[in-house]
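For reference, the structure is listed below as structure tokens.
The values are calculated or read from the model by the stated rules, or taken from the named source; none is laboratory data. Bear in mind the structure is a predicted one, so any value in this text is a computation, not a measurement. Positions of Cβ are backbone-derived with ideal geometry, glycine not excepted, and every protein chain shown enters the neighbour counts. Calculation scope for accessible area: heavy atoms of the full protein, side chains included, ligands and nucleic acids excluded. Shrake-Rupley method; radii C 1.70, N 1.55, O 1.52, S 1.80 Å.
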Amino acid sequence: MVSIQNLYKKFGKNQVLSGVDLDINSGGIFAVLGPNGSGKTTLIKSVLGMVIPNKGEISVLGNNIKNSSNYRYKIDYLPQIANFPSNLKVKELVKMIKDLRGYTTEDLRLIELFKLEPFLNKKLGTLSGGTKQKVNLVLTFMFNSPLIILDEPTTGLDPISLIRLKDLIQVEKAKGKTILITSHIMSFVEEVSDEIVFLLEGKIYFKGTISELKTKTNQPDFEHAIASILTDNHA
């Protein structure tokens, strides 16, 4: 599904990715973790074609992304920060995205799921952060793409919306989709992910299941396993 080979990216003097090799197979939920500055967002934006690596190869769905941008139509992406035009109404934004990407009726189901009906005629600039995030989720999940990338999807969500998001992710996984998630919420990661990829200082420190990570770090739970990696590497 996604193949990354020998990926390097530097911003000025700052080496953000240092020879990343990563293969993510079709189907399943993969969490990309790491401390701030570890290269998570740069890695995701490289896959999306929003960041151009200094070196290395990326293939998505068997296609080298250097040769084409069409592969992006097969990805649904939820950015960490949703910068919507503040003067647009919610329903106008949804219509605009549908006009750009193609016909779907899934938006109706998702609007109902996240209880957004009362906000459809409100301007985006007047919405709370949590409501904007629900709009963000509708825009992400209303198309039927095989690869979904979610950058900090839980931001601002109330407990009920969080449950609905987790259910939605499992429904998409059951369809055979591949879902990449970044999150700082370890309980969420532990609950939804099949495998984790842990980035540290621009390199992949670990790839595997959470139980494998606990065995590797000799820790009783997931949060202590993560803490142990960070402590050992900053001692």
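Considering only alpha-carbon pairs that sit under 8 angstrom and 6 or more positions apart, the relative contact order computed for the chain is 27 percent. Counting only Cβ charges, +1 for Lys and Arg and -1 for Asp and Glu, the dipole size of the stretch 139-215 around its Cα centre is about 200 debye. Report the local net charge at residue 38: Lys and Arg +1, Asp and Glu -1, summed over other residues whose C-beta lies under 10 Å from its C-beta. The answer is +1.
The HN-Hα couplings worked out from phi for the stretch 128-140 by the Karplus form 6.51 cos²θ - 1.76 cosθ + 1.60 (θ = phi - 60°) are 6, x, x, 5, 4, 5, 5, 4, 3, 5, 4, 4, 6 Hz, whole numbers, x standing for Gly and Pro. Placing +1 on each Lys and Arg Cβ and -1 on each Asp and Glu Cβ, with no other charges, gives the chain a dipole about its Cα centre of roughly 900 debye. Note on the stretch 80-178: Cα-Cα pairs beyond 19 Å make up 39% of the total pair count. Couplings 3J(HN,Hα) for the stretch 154-163, derived from phi with the Karplus relation 6.51 cos²θ - 1.76 cosθ + 1.60 (θ = phi - 60°), are 8, 3, x, 7, 6, x, 5, 5, 5, 4 Hz, where x marks Gly and Pro. Mind scanning 66/166; 55/214; 66/177 and naming the pairs with a C-alpha gap bigger than 25 Å? As for pairs spanning more than 25 Å Cα to Cα, those are 66/166; 55/214.
So what is the accessible area of the chain per residue, in Å², with the probe set to 1.4 Å? Write out the running numbers ahead of the final one.
Details: 11650 Å² over 235 residues.
The answer is 50 Å² per residue.
Under 5 Å from the amide H of residue 32 lie the amide H atoms of 181, 182, 183, 197, each residue being 5 or more positions distant or on a separate chain, with H modelled from the backbone and absent for Pro and chain starts.
At a 1.4 Å probe, what is the % contribution of carbon and sulfur to the accessible area of the stretch 47-165? Walk me through the numbers on the way to the answer.
Values: 3400 of 6250 Å².
Taking all protein chains in place, the stretch 47-165 shows 54 percent carbon and sulfur surface.
Size descriptors for the stretch 1-80, from the alpha-carbon set: Rg then Dmax equal 12.3, 37 Å.
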